[in-house]
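What follows is a short report on a single structure.
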Amino acid sequence: MPPKDITELLHAWAGGDAGALEELLPLVYADLRRRAAAYMRAERRNHTLEPAALVHEAYLKLAGQRRTAWRNRGQFFGVASQMMRRILVDRARARRMAKRSGRWARVTLDDGVRAASPVNVDVLDLDAALTRLAAFDARKCQLAELRFFGGLSLEEAGETLGISLATAERDWQTARAWLLKELRPAP
């Protein structure tokens with residue numbers, strides 16, 4: 001029997017087939033772990049959360065999504081990106097509350113290549129900036145979230161959002177510039 005397509009399994013899972021969820025995990029795990037590892041490389045060095053643990057937490061939250069009408073693979077990875085963002089932000093908030101230290105976490109807004117001098121931002125500051133961006137341009141916020149937290153390429157993110165690659169490229173340039181401006185410390 002040929003392996004099932006991820007979209008078919010998502011539809012089966014949404015239809016109540018619990019076995020589809022078990023078949024889905026091996027198909028998406030490596031991709032989710034790769035995306036989580038890419039993000040975690042940009043995190044602070046002594047972060048206690050490993051990429052595998054981030055994927056496991058996100059997957060448990062995804063498995064609890066009973067009423068999601070899964071459309072396709074891109075939507076699944078988009079929702080997974082949002083879950084990973086929430087997990088990391090919640091951990092950052094808990095760390096800040098526990099220590100009241102306001103420590104910085106290194107993140108990069110560069111396209112897959114670390115800049116010579118990356119912008120250091122706190123995950124909570126990034127979350128706040130994304131929330132402000134969403135207030136006036138939700139699509140650019142979603143694109144930035146998919147790129148940053150989900151590790152999606154522009155093509156994948158565009159597909160998830162239902163926009164062309166050219167539009168995704170323009171939106172990413174604008175969102176990235178806006179975020180860099182918002183996250184740079186005041187002179």
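The values are calculated or read from the model by the stated rules, or taken from the named source; none is laboratory data. Note that the structure is a prediction, hence the values are computed from the model and not measured. We place every Cβ from the backbone using ideal geometry, glycine too, and count neighbours over all the protein chains shown. For accessibility, only protein heavy atoms count, side chains too; no ligands or nucleic acids. Shrake-Rupley method; radii C 1.70, N 1.55, O 1.52, S 1.80 Å.
Residues that are open to solvent by 80 Å² or more (accessible area, probe 1.4 Å) and at pLDDT below 85: find the helices (runs of 4 or more DSSP H) completely inside region 1-71 holding 3 or more of those.
Result: 18-41.
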| field | Members of region 131-181 that are open to solvent by 60 Å² or more (accessible area, probe 1.4 Å) and touching a residue at least 40 places away in the same chain (Cβ under 8 Å) | value | Arg132, Gln142, Glu159
| said: With the requirement that a residue be more than 14 Å from the chain's Cα centre (by Cα) and of a type outside the set (D, E, K, R), what does region 21-41 give you? | reply: Leu21, Leu24, Leu25, Pro26, Leu27, Val28, Tyr29, Ala30
| field | Search result, residues across region 136-157 that are in a helix (DSSP H, G or I) and either among the acidic types (Asp, Glu) or more than 25 Å from Pro51 (Cβ to Cβ) (or both) | value | Phe136, Ala138, Arg139, Lys140, Glu145, Glu155, Glu156
